[in-house]
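Following: one structure in structure tokens, then a few remarks.
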Amino acid sequence: MLQLEFDERVAADDRVEPRDWMPDAYRSTLIRQIAQHAHSEIIGMQPEGNWITRAPSLKRKAILIAKVQDEAGHGLYLYSAAETLGVDRDELVELLLAGRQKYSSIFNYPTLTWADIGAIGWLVDGAAITNQVPLCRCSYGPYARAMVRICKEESFHQRQGFEILYTLGHGTPGQKAMAQDAVDRWWWPSLMMFGPPDAASTHTGQSTAWKIKRFGNDELRQRFVDMTVPQADALGLALPDDGIAWNAERGHYDFTEPDYAELTAVIEGNGPCNAERIAVRRAAHEDGAWVREAAAAYAAKRAGREAA
Amino acid sequence: MNRSDWPLWEVFVRARRGLSHQHVGSLHAPDAAMALRNARDVYTRRNEGVSIWVVPAAAIHASSPDEKDPFFTPAADKVYRHPTFYPVPEGVEHL
């Protein structure tokens, strides 16, 4: 009976809300996905935060600070959505710090030059938007609503990245070479952000049936390539794939698939920065303990005074 | 220290004068003053609001989704509460 009501609601494209009955597996899938998404936003602050002090102008610093602050905000929207499913944020943070929940593998790559900040905004955030726009229609209401806010803010991120690369690409030969090098390094990991091909994906089928996911990994990856190739032309930069060519028959660009063995290796913890990212997050959490304690002590003192 | 003693607050934002406050999400904070400051940083970074309410989540009483039918059906069969229920002769205006 309850199952039937849930199935009908999802089939009718109606939204599931926190206090509705839902299958246990639906709940746990959402918790896993939303938590992983929230962790990605929080860990994603690191590669970019790395360049705040070295951004080339005061304007660029201010913009980058705003962007990193947005990532923190996105993490909080998502933890808040996850909590409506009956988990505690502290619990999710502990699972991240213990390495028992994952975050997007893209953040395990280093940001070596200033141009990487441009490439992250343009390619990484561009890929994220391609993945996230369909989530605004996800069957779970609080997740969909969080995604609406996030997508609005992400479009600023993507444009600022594009603008950094455009400026470098039209600068000195050295600046252009730096922009090209960043695009060369970030292109393949960005393609991996859509996950393994559908044939090898463990979660796609059920998630699509539940309308958590609306499109397959391959379809979204293609959409990203189709969107990005003309933008690369506008930047005057090359994508590092000789296989990219317009296919008039398909109405899409052909491209070379990334090395999924590398994706697996990075997910399993063997990317260039996995250990560093978690160590930095752990240290930040521990170093912030006194702030949390002070805030709690202050609140307790005030509550005591009001009671007296 | 574990943070689980920080209560959950629901956040409501008034987008501009003339509109009512609307629910935008939730957050954890040790007290109302911190909840307001955190709500400003999390939910109004782009001028989304001119006023914020924070309400302890524990203080909200909600109707139960299980009782949805008996709770709301009394309204369903009273179509005469809507103006469209009443036929209006042709030519009559401003009614």
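The values are calculated or read from the model by the stated rules, or taken from the named source; none is laboratory data. Bear in mind the structure is a predicted one, so any value in this text is a computation, not a measurement. Neighbour counts are summed over all protein chains in view; Cβ atoms, including those assigned to glycine, are modelled from backbone coordinates with ideal geometry.
Here is a yes/no grid of residues against (1) under 15 Å from the mean Cα position of the chain (by Cα); (2) surrounded by fewer than 18 Cβ atoms within 10 Å (Cβ to Cβ); (3) within 23 Å of A:ARG15 (Cβ to Cβ):
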residue: A:ILE63; (1), (2), (3): no, no, no
residue: A:SER80; (1), (2), (3): no, no, yes
residue: A:LEU85; (1), (2), (3): no, no, yes
residue: A:ASP88; (1), (2), (3): no, yes, no
Note to self: As an exercise: evaluate B:PRO87 against (1) part of a loop (DSSP other than H, G, I, E, B); (2) at pLDDT below 90 and give the number of the one condition it does not meet.
What the structure shows: (2)
Margin query: Condition first: assigned to a helix (DSSP H, G or I) and among the small types (Gly, Ala, Ser). Now tell me which residues in the range A:1-52 satisfy that.
Written below: A:ALA11, A:ALA25, A:SER28, A:ALA35, A:ALA38, A:SER40, A:GLY49
Checklist line | Among (1) out of contact with any helix residue (DSSP H, G or I) (no Cβ under 6 Å at 6 or more places or on another chain); (2) under 22 Å from A:ALA82 (Cα atoms); (3) within 11 Å of chain A (Cβ to nearest Cβ) - the single one B:GLU10 does not satisfy | finding: (1)
Check: So which pairs qualify, if the first residue must be in the range A:242-254 and in contact (Cβ under 8 Å) with a residue 24 or more places away in the chain, the second must be assigned to a loop (DSSP other than H, G, I, E, B) and surrounded by 11 or more Cβ atoms within 10 Å (Cβ to Cβ), the Cβ gap must be under 6 Å, and the two must be at least 6 apart or on different chains?
Finding: A:TYR253/A:ILE244
Note to self: Take the conditions in contact (Cβ under 8 Å) with a residue 24 or more places away in the chain, surrounded by 23 or more Cβ atoms within 10 Å (Cβ to Cβ) and of a type in the set (S, T, N, Q) and apply them to A:SER105. Does it pass?
What the structure shows: no
Item checked: Matching residues in the range A:261-292 - criterion: being among the charged types (D, E, K, R) and surrounded by fewer than 13 Cβ atoms within 10 Å (Cβ to Cβ) -> A:GLU268, A:GLU286, A:ASP287
Note to self: Which count do you get for residues in the range A:110-129 that are surrounded by fewer than 22 Cβ atoms within 10 Å (Cβ to Cβ) and of a type outside the set (A, V, I, L, M, F, W, C)?
What the structure shows: 3
Next item on the list: Identify the residue in the range A:265-308 that is more than 20 Å from the chain's Cα centre (by Cα) and outside any helix (DSSP H, G or I) and, among all such residues, is nearest to the other protein chains (Cβ to nearest Cβ).
Entry: A:GLY288
Checklist line | Spans of helices (runs of 4 or more DSSP H) in the range A:53-171 with at least 3 residues more than 13 Å from chain B (Cβ to nearest Cβ) | finding: A:58-83, A:115-119, A:125-132, A:141-169
Margin query: I'm told B:ALA62 meets every condition in (1) hydrophobic (A, V, I, L, M, F, W, C); (2) buried (at least 17 other Cβ atoms within 10 Å of the Cβ); (3) over 30 Å from A:TRP290 (Cβ atoms); (4) within 13 Å of chain A (Cβ to nearest Cβ) except one. Can you identify the failing condition by its number?
Written below: (2)
Next item on the list: Scan the range B:22-75 residue by residue and report those that are outside any loop (DSSP other than H, G, I, E, B), polar (S, T, N, Q) and within 25 Å of A:HIS74 (Cβ to Cβ).
Entry: B:GLN22, B:SER26, B:ASN38, B:SER51
Next item on the list: Test each condition in (1) of a type in the set (Ser, Thr, Tyr); (2) touching a Gly at 6+ places or on another chain (Cβ under 9 Å); (3) over 30 Å from A:LEU220 (Cβ atoms) for A:TYR298 and report the one that comes out false.
Entry: (2)
Checklist line | Unique residue being in a loop (DSSP other than H, G, I, E, B) and surrounded by fewer than 16 Cβ atoms within 10 Å (Cβ to Cβ) when the list is A:ASP242, A:ASP233 | finding: A:ASP242
Check: In the range A:196-222, how many residues are surrounded by fewer than 18 Cβ atoms within 10 Å (Cβ to Cβ) and part of a helix (DSSP H, G or I)?
Finding: 9
Margin query: Can you pull out every residue in the range B:18-58 that is in contact with a helix residue (DSSP H, G or I) (Cβ under 7 Å, 6 or more places away or on another chain) and at the interface with chain A (Cβ under 10 Å from one of its Cβ atoms)?
Written below: B:VAL24, B:GLY25, B:SER26, B:LEU27, B:HIS28, B:ALA29, B:PRO30, B:ASP31, B:MET34, B:VAL42, B:ARG45
Notebook entry, point to check: In the range A:14-31, what residues are in contact (Cβ under 8 Å) with a residue 12 or more places away in the chain, under 16 Å from A:ARG100 (Cβ atoms) and either surrounded by fewer than 16 Cβ atoms within 10 Å (Cβ to Cβ) or of a type in the set (S, T, N, Q) (or both)?
Noted result: none
Next item on the list: Please go through the range B:55-95 and pick out each residue that is touching an Asp or Glu at 6+ places or on another chain (Cβ under 7 Å) and touching a residue at least 40 places away in the same chain (Cβ under 8 Å).
Entry: B:VAL55, B:ALA57, B:ILE60
